[in-house]
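The values are calculated or read from the model by the stated rules, or taken from the named source; none is laboratory data. In this text, all values refer to a predicted model and were calculated from it rather than measured experimentally. Virtual Cβ from ideal backbone geometry, glycine too; neighbours counted across all protein chains shown.
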Amino acid sequence: MLASVVLYTSANLCVKELAGLGTFQLVFLRSALSLAVCWAYLKAHNLPILGHNRMWLVVRGLAGMVGLSGFFHTVRHIPLASATVIQYFSPVFTVVLALIFMGEKVQKKQWLLLGGALVGIVMVKGFDPRVSWGMWGLGLMSAAAAAVAYLATMKCRDSDHPVGVVVWFHLLAFPIMGALSLPQWTPMTTPMWGLAALVGLLSIAAQILMTVALHQEDAGMVMPFKYLGAVMALSAGWILYGETMSSMSLLGMGLVVVCIATNTWVKSKSRPASSGFSTPSRS
């Protein structure tokens with residue numbers, strides 16, 4: 001999951017550099033390359049393109065498309081760290097949904113740690129005055145949609161291969177975002193095409209790694225790792241865009257890391273030994 005967060009942060013930096021493109025166009029370009037990669041992998045390994053658990057695969061695709069579109073829009077219009085802070089409310093939504101729909105157990109200690117990580121996220125960047133209520137609301141909607149997508153991913157972990165789960169996002173986003181982007185298509189230079197390709201490659205790798213993690217572990221253990229992305233976004237903003245880090249931000253970064261590490265330790269002490277993820281035989 002940590003590698004997934006690093007790759008997602010790198011992809012988001014590329015999106016930030018492509019702020020001149022429309023949101024629908026960005027999502028379409030990302031999906032075009034990712035769909036080709038997923039399709040080739042599934043065909044090469046003789047895996048079903050449309051998967052098995054169709055209802056949850058469609059939910060995963062639609063929710064992921066809504067969540068990503070909202071996040072890309074906020075990344076283009078507000079500071080990267082602020083967009084990431086808002087988006088990272090999704091792990092709390094995910095754990096709650098997993099508790100309701102999947103019966104996953106979350107210890108009281110873990111709730112306290114999740115709350116602590118949220119406090120740390122707020123401390124890292126705070127409620128940025130440059131973020132309007134509209135952008136804040138869009139970010140929360142994106143976070144909620146992402147949580148639904150994560151829940152759907154976990155619902156498919158016993159029936160479908162991780163790449164078979166990921167491909168549904170692109171099967172839906174490619175035609176829908178393509179149609180929406182055509183009326184407002186922005187001409188692109190060669191460097192912009194290169195960045196768009198990089199967004200696609202980094203994102204598909206991150207998606208697959210995240211899906212594998214959700215196949216292997218409970219949401220309560222996996223999702224808190226997403227909080228590290230806020231720390232990475234703040235660091236990248238400081239290095240690449242000259243954003244300064246206050247003492248409160250540094251303290252928040254430390255709180256996030258401590259809460260994540262402690263949650264992992266608590267969960268590992270309470271769970272039985274696992275054989276890990278194995279590819280479903282029918283996938």
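Determine whether residue 61 is closer than 15 Å to residue 136 by Cβ, modelled with pLDDT of 90 or more and not charged (D, E, K, R).
Working: closer than 15 Å to residue 136 by Cβ: no; modelled with pLDDT of 90 or more: yes; not charged (D, E, K, R): yes.
No: the conditions fail for residue 61.
Mind listing whichever residues of region 93-104 are surrounded by fewer than 19 Cβ atoms within 10 Å (Cβ to Cβ) and either under 25 Å from residue 8 (Cα atoms) or touching a residue at least 40 places away in the same chain (Cβ under 8 Å) (or both)? Lay out the reasoning, then the answer.
So the first thing to find is which residues in region 93-104 are surrounded by fewer than 19 Cβ atoms within 10 Å (Cβ to Cβ), and the list is 96, 99-104.
Those that are surrounded by fewer than 19 Cβ atoms within 10 Å (Cβ to Cβ) and either under 25 Å from residue 8 (Cα atoms) or touching a residue at least 40 places away in the same chain (Cβ under 8 Å) (or both): 96, 101, 102, 104.
Which of the residues that make up region 237-269 are more than 27 Å from residue 163 (Cβ to Cβ), modelled with pLDDT under 70 and surrounded by 13 or more Cβ atoms within 10 Å (Cβ to Cβ)?
Hits for region 237-269 are 243, 245.
State the number of residues belonging to region 164-194 that are more than 19 Å from the chain's Cα centre (by Cα), of a type in the set (A, V, I, L, M) and in a helix (DSSP H, G or I).
Count: 5.
Please verify whether residue 71 is closer than 15 Å to residue 230 by Cβ, surrounded by fewer than 21 Cβ atoms within 10 Å (Cβ to Cβ), in contact with a helix residue (DSSP H, G or I) (Cβ under 9 Å, 6 or more places away or on another chain) and hydrophobic (A, V, I, L, M, F, W, C), treating the condition exactly as stated. Break it down into steps so the answer makes sense when it comes.
Values: closer than 15 Å to residue 230 by Cβ: yes; surrounded by fewer than 21 Cβ atoms within 10 Å (Cβ to Cβ): no; in contact with a helix residue (DSSP H, G or I) (Cβ under 9 Å, 6 or more places away or on another chain): yes; hydrophobic (A, V, I, L, M, F, W, C): yes.
In short, no.
Looking only at region 185-209, filter to residues that are modelled with pLDDT of 90 or more and among the polar types (S, T, N, Q); which one of those is surrounded by the most Cβ atoms within 10 Å (Cβ to Cβ)?
Once the filter is applied, the top-ranked residue is 186.
What residue, among those in region 118-142 that are surrounded by 23 or more Cβ atoms within 10 Å (Cβ to Cβ) and under 17 Å from the mean Cα position of the chain (by Cα), is nearest to residue 101 (Cα to Cα)?
First pass over region 118-142, keeping only residues surrounded by 23 or more Cβ atoms within 10 Å (Cβ to Cβ): 120-121, 124-125, 139, 142.
This time we only want the ones that are under 17 Å from the mean Cα position of the chain (by Cα), so: 121, 139, 142.
On the way: 121: 27, 139: 24, 142: 20 Å.
Among residues in region 118-142 that are surrounded by 23 or more Cβ atoms within 10 Å (Cβ to Cβ) and under 17 Å from the mean Cα position of the chain (by Cα), the one nearest to residue 101 (Cα to Cα) is 142.
With the requirement that a residue be among the charged types (D, E, K, R) and closer than 11 Å to residue 51 by Cα, what does region 147-171 give you?
Let us first name the residues in region 147-171 that are among the charged types (D, E, K, R), namely 155, 157-158, 160.
Scanning region 147-171 gives a single hit, 160.
Tally time: how many residues in region 46-84 are of a type in the set (A, V, I, L, M), within 21 Å of residue 14 (Cβ to Cβ) and part of a loop (DSSP other than H, G, I, E, B)?
Number of matching residues: 1.
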